[in-house]
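Scroll down for the structure; my scribbles are underneath it.
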Amino acid sequence: MESVGGKCYQLYQELLELSKEQVKAWNNEDFNEETSLKHIEELLAKRQELIDKIDSIKGDYQDIAERAEIQKIIKEIIELDQQSIQFFSQQRKAIKQRLATIQRGKQSNKAYEPYSYQSDGYFIDQKK
């Protein structure tokens, strides 16, 4: 039977590989396509499943060597996560700029669009 430490080590290895795949996906995907976003959502869901498994089986095990190896893996995962965070920040800024451009365009269209007068014969009493 596999030890708790061995199982944790294996799950952390899988998490590391998934994190590498995730960073690769960030760099290769076109975020205007729905299929790309679904692929990334699937990766995030798998990642969360692995984290939940690790949390459920993680225990107090005494193998110092395994702990040291797991710490190395965790550091690599953290580095990859930092890359992902930077990518998300860049994407967020780009989206924010696009939204601002769209808002400015809407405002300029509204400013230069002629006011449409009411053509029906409604009377609104403004001196209530």
(message) Which residue is nearest to the chain's Cα centre (by Cα), if the candidates are limited to segment 47-75 and must be of a type in the set (S, T, N, Q) and modelled with pLDDT under 85?
(response) S56
(request) Count, please, the residues in segment 26-36 that happen to be surrounded by fewer than 14 Cβ atoms within 10 Å (Cβ to Cβ) and either of a type in the set (S, T, N, Q) or modelled with pLDDT of 75 or more (or both). (result) 4
(request) Consider A111 carefully, then state whether it is in a helix (DSSP H, G or I), modelled with pLDDT under 90 and under 30 Å from Q10 (Cα atoms). (result) no
(message) Can you tell me which of (1) part of a helix (DSSP H, G or I); (2) within 30 Å of G6 (Cβ to Cβ); (3) modelled with pLDDT under 90 is the one D81 doesn't meet?
(response) (3)
(request) Starting from segment 86-102, keep only residues that are in contact (Cβ under 8 Å) with a residue 12 or more places away in the chain, then list their pairs with residues that are surrounded by 11 or more Cβ atoms within 10 Å (Cβ to Cβ) and not polar (S, T, N, Q) whose Cβ atoms are within a distance under 6 Å, requiring at least 6 positions of separation or different chains. (result) F87/W26
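The values are calculated or read from the model by the stated rules, or taken from the named source; none is laboratory data. This one's a predicted model, so the numbers in the text were calculated from it and none came from an experiment. Positions of Cβ are backbone-derived with ideal geometry, glycine not excepted, and every protein chain shown enters the neighbour counts.
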